[in-house]
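Beneath this line is the structure, given in structure tokens, with notes to follow.
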Amino acid sequence: MPRAGTKPGMSSIRYIISAPSGSGKTTLVNELRQYVPNLEFSVSYTTRPPRGSEQDGREYHFITREEFEAMIERDAFLEYAQVFDKYYGTARSVMQHAEEVGHDLLLDIDVQGERQVKSKMPDAVSIFVLPPSRAELESRLRKRSQSENVLAEDVIRRRLDEARREIENYPNYDYILINDRLEQSVDQLQAIVLGERIRRSGKPPSPVEKQYLTTAQKCLKANMEEKIKGILATF
Ligand code: ADP
Ligand code: 5GP
């Protein structure tokens with residue numbers, strides 16, 4: 001794999017990834033972590049309680065509503081939003097740390113957060129993950145809740161309704177990734193991340209790097225419109 005990392009002092013690239021719940025974003029990001037060096041994963045602050053095996057400081061910093069509101073007062077957030085009645089936010093300190101160590105940063109945030117970050121940092125790279133269809137999204141949500149032993153029908157319905165609203169925000173994103181076959185999606189996500197590094201390095205790409213650029217280009221929103229229309233029609 002080509003090393004197309006950043007160095008301390010160079011401006012780091014901010015990647016934003018969003019998806020309707022159940023599309024497979026967490027699965028994709030966990031895979032990406034294994035393949036791409038020099039990429040920090042932003043740990044957000046949230047007022048929702050930990051789920052399953054989640055640990056404070058690993059998946060999220062779990063804090064109270066009062067603590068969250070005190071951070072808003074101190075202007076400690078790059079962005080924050082309410083999702084499913086809970087606060088979620090990205091601390092400015094996360095971005096500063098990534099810059100100091102010369103790493104790029106990946107923000108896993110919702111569509112409201114993407115808008116806020118893009119308006120402050122137009123050169124951030126945003127990626128929207130879509131399920132191949134509503135039926136497949138429903139099946140993934142069901143499968144996941146079965147494996148977690150919580151089959152809450154009302155939660156699944158609510159997430160499907162929310163998904164339709166979130167998908168309407170796809171025009172705000174740079175890249176669209178349809179998570180159909182997992183292996184192909186991981187390759188595409190890796191190509192998008194490395195492709196942006198290669199492009200911004202200004203150096204002529206090697207043959208392998210050209211392959212990343214070609215794969216990434218196919219995921220540009222402008223090249224995905226037909227496929228997106230097909231998916232939207234199922235919602
Ligand atoms: P999200 O983080 O977007 O809410 P998850 O990563 O938790 O979604 O994935 C939801 C469910 O779908 C999980 O059970 C996961 O194993 C499954 N899944 C993820 N990607 C795929 C895929 N490409 N094909 C089939 N199932 C998938
Ligand atoms: P979950 O509770 O399932 O982990 O996350 C719910 C939603 O909140 C997901 O869409 C996730 O991307 C989003 N989210 C997580 N952290 C942040 C954050 O810091 N800011 C914003 N705006 N959204 C976040």
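The values are calculated or read from the model by the stated rules, or taken from the named source; none is laboratory data. What you are looking at is a predicted structure, and each value in this text was computed from that prediction instead of being measured. Note that we place each Cβ from the backbone using ideal geometry, even for glycine, and neighbour counts take in every protein chain shown. Just so you know, the surface numbers come from the protein's heavy atoms only, side chains and all, with ligands and any DNA or RNA stripped out. Shrake-Rupley method; radii C 1.70, N 1.55, O 1.52, S 1.80 Å.
Worth a mention:
- Among the residues making up the stretch 53-110, those that are assigned to a loop (DSSP other than H, G, I, E, B) and within 23 Å of Asn169 (Cβ to Cβ) are Phe84, Asp85, Ile109, Asp110.
- In the stretch 87-99 there is no residue matching the filter, namely being in contact with a strand residue (DSSP E or B) (Cβ under 7 Å, 6 or more places away or on another chain), aliphatic (A, V, I, L, M) and more than 30 Å from Ala191 (Cβ to Cβ).
- Contact annotation: residue pairs with Cβ atoms under 8 Å, 6 or more positions apart or on different chains, pairing a residue in the stretch 24-35 that is farther than 14 Å from Ala191 by Cα with a partner that is part of a helix (DSSP H, G or I) and of a type in the set (Gly, Ala, Ser), are Gly24/Ser185.
- Positions within the stretch 111-141 being within 16 Å of ligand 1 (Cβ to nearest atom), among the β-branched types (Val, Ile, Thr) and in contact with an Asp or Glu (Cβ under 8 Å, 6 or more places away or on another chain), in sequence order: Val111, Ile127
- Matching residues, the stretch 111-140, being open to solvent by less than 10 Å² (accessible area, probe 1.4 Å) and not in a loop (DSSP other than H, G, I, E, B): Gly113, Glu114, Val117, Val125, Ser126, Ile127, Phe128, Val129, Leu130, Leu137
Here is a yes/no grid of residues against (1) near ligand 2 (Cβ under 9 Å from one of its atoms); (2) modelled with pLDDT of 95 or more:
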{"position": "Gly5", "(1), (2)": "no, no"}
{"position": "Gly22", "(1), (2)": "no, no"}
{"position": "Leu32", "(1), (2)": "no, yes"}
{"position": "Ala91", "(1), (2)": "yes, yes"}
{"position": "Ile109", "(1), (2)": "yes, yes"}
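- Close pairs (6 angstrom Cβ cut-off, 6 or more residues apart or separate chains): within 16 Å of Arg92 (Cβ to Cβ) in the stretch 36-58, in a loop (DSSP other than H, G, I, E, B) and away from ligand 2 (no atom under 14 Å from the Cβ) anywhere: Glu40/His103
- Scanning the stretch 84-110 for residues that are open to solvent by less than 40 Å² (accessible area, probe 1.4 Å) and away from ligand 1 (no atom under 16 Å from the Cβ) turns up Tyr87, Gly89, Thr90, Ala91, Val94, Met95, Ala98, Gly102, Asp104, Leu105.
- Unique match (being open to solvent by less than 70 Å² (accessible area, probe 1.4 Å), aliphatic (A, V, I, L, M), in contact (Cβ under 8 Å) with a residue 40 or more places away in the chain and within 25 Å of Gly113 (Cα to Cα)) among Ile198, Ile156, Ile228: Ile228
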